[in-house]
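Down below is the structure, laid out as structure tokens.
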Amino acid sequence: MSISAPERVWWTPVDKDEKIWVTIALIFCLVTFFMMPFYHVVGKQNTSSESYRIDPAEFEKRTELFIQQSEKVGETANGLPIVKPRGEDVYLLARQFQFEPALQLEKGKTYRFHLSSVDVQHGMSILPLNMNWMVIPEYDYIVTITPTTSGEFPIVCNEFCGAAHHAMLGMIIVK
Ligand SMILES: [Cu+2]
């Protein structure tokens with residue numbers, strides 16, 4: 001038995017229709033790929049963000065400090081403080097099953113939101129706006145937010161995080 005070379009063209013050559021469909025699929029892939037950076041700049045959907053590693057206990061400490069240093073303007077129905085930040089940095093901590101603290105922000109002022117979780121992964125969704133971010137433990141995720149409309153904006157968790165996930169709420173009040 002010997003090994004012999006296959007015939008020169010042993011495969012079925014690609015026909016015209018297949019070439020057209022592969023080209024169309026490739027163009028579609030490239031369009032959707034470049035839409036991501038394009039929409040980051042032109043659309044208002046994707047936020048620019050920074051993220052840093054942080055120990056959950058340290059994030060909790062920074063949130064407590066943020067609450068202490070902010071002006072307390074009220075209390076929510078379930079006893080959480082409503083705070084008005086004095087600076088541009090805002091800490092919002094997610095835990096099973098609430099967001100702390102409730103915030104009162106100034107319309108037109110730019111804030112740096114620090115988001116993190118002290119237990120499992122949560123999602124932060126600001127209603128009724130179409131704004132969603134992942135809230136992940138061990139990461140200080142920083143997004144820049146400038147409220148442009150006044151009113152009350154409830155925050156819901158959009159990542160299933162446990163038994164009382166449906167009751168996990170927060171609040172942003174813009175004045
Ligand atoms: Cu949650």
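Nothing in this text is a laboratory measurement; each read-out follows from the coordinates by a stated rule. Everything numeric in this text was worked out from a predicted model, so none of it was measured. Every residue, glycine as well, gets a Cβ built from its backbone with ideal geometry; the counts of neighbours run over all protein chains shown.
Key figures for this structure:
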item	result
Degrees separating the helix 56-69 axis from the principal Cα axis of the chain, which is the longest one	40 degrees
HN-Hα J in Hz across segment 157-173 - Karplus 6.51, -1.76, 1.60, θ = phi - 60°, x for Gly and Pro	8, 10, 10, 4, 10, x, 4, 9, 3, 4, 9, 7, 10, x, 8, 10, 10
Tensor-based shape of the chain (alpha-carbon gyration tensor, a/c under 1.5 rounded, otherwise prolate or oblate)	prolate
Derived scalar couplings ³J(HN,Hα) [segment 128-138; Karplus, 6.51 cos²θ - 1.76 cosθ + 1.60; whole Hz; x for Gly, Pro]	x, 6, 8, 10, 9, 9, 7, 10, 10, x, 6
Crossing angle, helix 16-42 versus the chain [Cα axis fit, 0-90 degrees, rounded to tens]	20 degrees
Qualifying trypsin sites (Lys or Arg not before Pro) in segment 16-45, DSSP loop, other Cβ atoms within 10 Å at most 12	LYS44
Interchain or long-range residues, amide H under 5 Å from CYS157's placed H	MET168
Highest to lowest packing among 118-129, 25-36, scored as the average C-beta count within 10 Å	118-129, 25-36
Long-range amide H partners of SER51 with built H, under 5 Å	ILE142
Segment 56-96: GluC sites (Glu not before Pro) falling in loop per DSSP and having at most 12 other Cβ within 10 Å	GLU88
Net +/- balance of residues flanking LYS84 in space, Cβ distance below 12 Å, scoring K and R +1, D and E -1	+2
Residues LYS61, LYS84, sorted so that the one with the fewest Cβ neighbours within 10 Å comes first	LYS61, LYS84
Interchain or long-range residues, amide H under 5 Å from SER117's placed H	ALA94, ILE136, GLU138, TYR139
For segment 79-96, Karplus couplings with θ = phi - 60° (6.51, -1.76, 1.60), whole Hz, Gly/Pro x	x, 8, x, 9, 10, 10, x, 8, x, 8, 7, 10, 10, 10, 9, 9, 8, 5
Value of relative contact order over the chain, rounded to a whole percent, pairs C-alpha under 8 Å and six or more apart	20 percent
